[in-house]
1. Do we find a residue being basic (Lys, Arg), away from chain A (no Cβ under 14 Å) and in contact with a strand residue (DSSP E or B) (Cβ under 6 Å, 6 or more places away or on another chain) anywhere in segment B:275-296?
2. Among the numbered criteria (1) crowded, with 24+ Cβ neighbours inside 10 Å; (2) touching a strand residue (DSSP E or B) at 6+ places or on another chain (Cβ under 8 Å), which single criterion is violated by residue D:267?
3. Mind listing whichever residues of segment B:251-263 are in contact with a Gly (Cβ under 9 Å, 6 or more places away or on another chain) and surrounded by fewer than 24 Cβ atoms within 10 Å (Cβ to Cβ)?
4. If I ask for residues that are at the interface with another protein chain (Cβ under 10 Å from one of its Cβ atoms) and surrounded by 23 or more Cβ atoms within 10 Å (Cβ to Cβ), which ones from segment A:1-18 would you list?
5. Restricting the search to segment A:197-235, which residues are among the acidic types (Asp, Glu) and touching a helix residue (DSSP H, G or I) at 6+ places or on another chain (Cβ under 9 Å)?
6. Sort through B:65, B:72 and tell me the only one that's at negative phi, in contact with a Ser or Thr (Cβ under 7 Å, 6 or more places away or on another chain) and of a type in the set (A, V, I, L, M).
7. Return the pair list, or none, for Cβ contacts closer than 6 Å from residues in segment B:44-71 that are more than 14 Å from chain A (Cβ to nearest Cβ) and more than 19 Å from residue D:156 (Cα to Cα) to residues that are crowded, with 16+ Cβ neighbours inside 10 Å and hydroxyl-bearing (Ser, Thr, Tyr), at least 6 apart or on different chains.
8. Tell me yes or no: at least one residue of segment D:215-228 is surrounded by fewer than 23 Cβ atoms within 10 Å (Cβ to Cβ) and within 29 Å of the chain's Cα centre (by Cα).
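The values are calculated or read from the model by the stated rules, or taken from the named source; none is laboratory data. All values derive from a computational prediction rather than experimental measurement. Note that we place each Cβ from the backbone using ideal geometry, even for glycine, and neighbour counts take in every protein chain shown.
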There are 4 protein chains.
Amino acid sequence: MSTKKGKIGVLTSGGDAPGMNAAIRAVVRTGITRGYDVYGIRRGYNGILHREMDLLTFKDVSEKLQHGGTFLFTARSAEFREIEGKKKAAEICKEMGIETLIVIGGDGSFTGAKNLSKFGVNIIGIPGTIDLDIAYTDYTIGFDTAVNTAMEAIDRLRETSNSHERCSVVEVMGRSAGYIALWCGIANGAEEILLPEKFDNNYDALLEQIHKNRELGMTHQIVVNAEGVGHSDELAKKIEDATGIETRATILGHLQRGGSPTARDRFYASMMGAYAVDVIDQGRKNRLIGYKNGKLYDVDVDEAFAMTKSIDEYEYEIARVLGTRE
Amino acid sequence: MSTKKGKIGVLTSGGDAPGMNAAIRAVVRTGITRGYDVYGIRRGYNGILHREMDLLTFKDVSEKLQHGGTFLFTARSAEFREIEGKKKAAEICKEMGIETLIVIGGDGSFTGAKNLSKFGVNIIGIPGTIDLDIAYTDYTIGFDTAVNTAMEAIDRLRETSNSHERCSVVEVMGRSAGYIALWCGIANGAEEILLPEKFDNNYDALLEQIHKNRELGMTHQIVVNAEGVGHSDELAKKIEDATGIETRATILGHLQRGGSPTARDRFYASMMGAYAVDVIDQGRKNRLIGYKNGKLYDVDVDEAFAMTKSIDEYEYEIARVLGTRE
Amino acid sequence: MSTKKGKIGVLTSGGDAPGMNAAIRAVVRTGITRGYDVYGIRRGYNGILHREMDLLTFKDVSEKLQHGGTFLFTARSAEFREIEGKKKAAEICKEMGIETLIVIGGDGSFTGAKNLSKFGVNIIGIPGTIDLDIAYTDYTIGFDTAVNTAMEAIDRLRETSNSHERCSVVEVMGRSAGYIALWCGIANGAEEILLPEKFDNNYDALLEQIHKNRELGMTHQIVVNAEGVGHSDELAKKIEDATGIETRATILGHLQRGGSPTARDRFYASMMGAYAVDVIDQGRKNRLIGYKNGKLYDVDVDEAFAMTKSIDEYEYEIARVLGTRE
Amino acid sequence: MSTKKGKIGVLTSGGDAPGMNAAIRAVVRTGITRGYDVYGIRRGYNGILHREMDLLTFKDVSEKLQHGGTFLFTARSAEFREIEGKKKAAEICKEMGIETLIVIGGDGSFTGAKNLSKFGVNIIGIPGTIDLDIAYTDYTIGFDTAVNTAMEAIDRLRETSNSHERCSVVEVMGRSAGYIALWCGIANGAEEILLPEKFDNNYDALLEQIHKNRELGMTHQIVVNAEGVGHSDELAKKIEDATGIETRATILGHLQRGGSPTARDRFYASMMGAYAVDVIDQGRKNRLIGYKNGKLYDVDVDEAFAMTKSIDEYEYEIARVLGTRE
């Protein structure tokens, strides 16, 4: 195996997301094929600071693709958050001969990478977060799996809710973003969807609507509530008190982070891992890998940080049309 | 279709459980085949009191088998709980010509049935509860599905827990019984299992054990906590405070009640529905259908209520052997 | 409910695909909301010829979203294939007052629709096929579910293959297109992928590669074979004879068509159903609904038929890089 | 870790079955806890002959429980089948100090074990086969998972079959036993079930029944055909030719062997692994571990071989009652 092209380090950082293993595997195998040595760094940026890294072979990444989580582990690093930590990390990378660092993570991890790049380490970012809250890309690793996991849980809730003619409040993840909630809203045919980007805290209108739908013959109702709106237990109580409909809250929690990745997460995580290596191979520096307009692309890290995105108005309107009996 | 043998009513009562639809379907189809008219009664005992019932055909129960919940709906009935309610229900049954009532539900529903039988309605019980907490039977409809649902959720938690090297507290259903927790404990290889029948509230010993296991090299740990022990959020905080290990709690909640039934729940719910009709056909009265010593059987309702059951000591010991590094 | 805007008919045609029910539901609910009467036509074009159609209400499409298949049924129609059949269908539509027909199906169904439009019925197409083989769109209803179904089956095969250190040939659907095979190839980390668009019938090279990979330490291998290449049983025999590696073939077959749709199929099938109604509402005629460049769009039916598409070269290259040891 | 009690070897043999890993893990962890050294032997009896074995630690069996297949691999051994092979295997066991060998496998593997025991190796068998065709036990590792896998595949087939108003022939595994077919028959509500133990090759009666059911309004039908009956493609053709109903055959094949084990398979495989060690610890020799009358038990290997079992008549009757209209 030729090693003349140099050394690439790869790490996962921040919250884990199903598909990260597929991305690491693709980085390793494409890297080896293109002529690089690839080092797996454990526990995020901490792994650089503590020199926890190993050269990975083609076989080391066998049987990883189908598993959720990240076999490199992930962690938050207090030391790396400081400027001194970043300087030290850059020095260790240079000392080890790691010219390029591939960081698989979310916005927070990319901020760290961007700042690290100022100390002379070439960084390449791959978006890995179930929350889909990264502006420059329409796809992030783990979102598809998380949505399917939440959707299947809500399918189950609907069956029991239906049998008891109840209302169910179900809280899905997403931090301050409502993408998982919007998708579950449509995929589960939720009667109500509360998104942090959209919900105006008008609980009276919400309770009125739930009451009206029941009058119009809906015998059970699902309220998908985003983590960013929160307070699901209180909301359930409010609904029961105001409408007399038996109401239960379920907070899906961390199970949304795990599980064997979907085909889509395995496919695009693999493609992004390979593409990241090819961006390096083509000599581009400090780029983030994304998926936009139906294509893989890479963008300068500073440009990417200047972008914004928001909930699609048409999708949100249709979610409400489909769930609300007029 | 001959109707000379009389009329059977069937209802579901109490909490729903996956497989109830399979049982109803089997009652209807076996009932018709054996020469009975079968009436589906909606919303549990309420449906008798409000005369919400319909003659069901072979085709009416098509495409029900594979769905969780109960298409007859279920409810708790305040009126039926009173002696007057039971008297009225018995009168309506007689008036409608319903000689035998098949009740699919748990302990509470069977108590209602037992008392109803005193007013001259023949009652047959089929055990339907995810909690497995009915003494006279080793099998209850829904337990197998609920355990598999919880197990899959905990598999997901383990992956993300592992990536973050966390401790996870996960609360599973079961009311005051620990069967779901014990099964998940073994099926998920949980490091700790807290059952209401066994846990002595010695939190110090628990925290000590978690700490010791981490020292011995366990990088993540799952604590399966039964609903009957509860207080999962407090427990997670206790663990994090005492051991310094990042700990998260997840309360799985009502999603454990829903979902397409497993093969086992479809199979035995079907067999019990058929068996219940055959018990009627053989002229036995006021019997509960059970599964014990590897066989379907029926038992007098008063005898059944006199039985007790408890967590198997060997299973509990092995659960601990497998999860705890000595 | 206002009906002043006219009548829309909706049908499913050709092979069924998971998500079709979500699309029908969205057509009905968005149609009603926008002021249309929506008629569900049963058994594809046959249903027009035999006047099998009913006005659908908001409630009629409840509890359909989560189920595979199509509750309107689907069929091929010999009569409609003839010019006389199309003329008759157009006359019946006019007689019934159905100005616009929404056809959910694949290429064949769209050809029928295109020709029907020449007799004065406005037609709108929604792409529904698990094969993804429709040129003008990057998304077709059912592909995502079919790929996930196939992928999960192949995950299972890999486990047993691995235990026995076997080679497994697995044939996936797709008719003459290799998209399902390519996706499974990447998602399952297949060692070999045979696509009708790419495979040059050089079996010697294939056998050589399988042999070489085994020599290099691969203890089991998955060959994903597309339906369009076929002959999986013969291929398994060839491999076993040439390499001495125990080899088994599995043809996944029609189970790839069924199952509860994934979140993605529910989401985009719903959005396309709604969008189709809005295209009608905006007065556009004879359009096909697609998803391209990351967006929903509509295109003239003749234009759409002029487009072509092919397997992405980079995706195919990476599939091979990831599966083949240097 | 005390090692004074001696050495146990554990191997998996014959066809793999989901849950075998759980059994191995339980043997290792219970063995260590009870004071034994446990050696994992690779590739069945071959691993003894080639001395492929390693001492296993508590940690070596981490993260195995939830995976199908067997991490010890499995194989058939031509050499061991000969008397000389068994003699040699016994000698190697003695030389290595392995007094007891735990064999996880089916009938064929137990025959091997029985004969090996004659050369002075204490053998303990744990029933591992998806076919359930072992007379002395009501439970075998893998059956529950295989039935659920087949059932889910057939659920999918039913949806697409229903949409097309087809007949589907689906062939499930089981070798010469019909247990998987019987269970799927009931769990999937199959209209017809062909078991090797019961089917009298009266195809005319079968075709007549399918035709009659269609006349009575069944718009689609599932025929579950056991591997031991076979010829599914021909059967599909026969049905289509005789009845005019479009009919498709699917042979589920090896995917039924793989997949993450169900809760039941993880639970009882774990309990049997632990129980096997405790049988050794209590000094019993040449025993097979089983589950009968609702309990774990152990039985002398010769006694076990003298037992027989057959399809339950009542279960078979009810399967037919539930699937056949009046």
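1. yes
2. So the condition that residue D:267 fails would be (2).
3. B:251, B:260
4. Scanning segment A:1-18 gives A:12, A:15, A:16, A:17, A:18.
5. A:197, A:204, A:208, A:227
6. B:72
7. Listed by first residue and then by second, the contacts come to B:45/B:77; B:53/B:39; B:55/B:39.
8. Among the residues of segment D:215-228, at least one is surrounded by fewer than 23 Cβ atoms within 10 Å (Cβ to Cβ) and within 29 Å of the chain's Cα centre (by Cα), which makes the answer yes.
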